[in-house]
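Read-outs throughout are calculated quantities, based only on the coordinates presented, and are distinct from any laboratory measurement. This one's a predicted model, so the numbers in the text were calculated from it and none came from an experiment.
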Amino acid sequence: METLRRQPAELQSFYAEIESDLTILGVTGVEDELQENVQETLRMLNVAGIRTWMLTGDKLETAINIGISCSLVTNTSNIITVTEITDSAHLKKELEAIE
């Protein structure tokens, strides 16, 4: 939260709008090296019908390569990229187009 307070008011407002009315069922973070059993965990989530999204600040090529290496991205995956978002209305429009 400390980092959030240092952001400009416009970003704080953007975050508050995007991060509202969420139900977080589980969260994990992967930093640089993949964690043990990440491939199997992602497979089990998929079998259970749980949608998995990859959100990253990496370059698109890097993100796809990481997704492939942990079996999040397969030959049948539908990869949707949302880039160069300028404001919350733009992000909302992009996300609604995905649904």
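Which option, [x] 20, 16, 10; [y] 26, 16, 15; [z] 78, 17, 10, is the value of semi-axes √(5λ) of the Cα gyration tensor in Å that was calculated from these coordinates?
Read-out taken from this structure: [y].
For the chain, what's the relative contact order in percent, using C-alpha pairs closer than 8 Å and at least 6 residues apart?
Worked out over the chain, it gives 25 percent.
Can you give the calculated 222 nm mean residue ellipticity of the chain, where each DSSP H run of n ≥ 4 adds -39,500 (n - 2.57) and the sum is split over every residue, rounded to the nearest 500 deg cm²/dmol?
-13000 deg cm²/dmol
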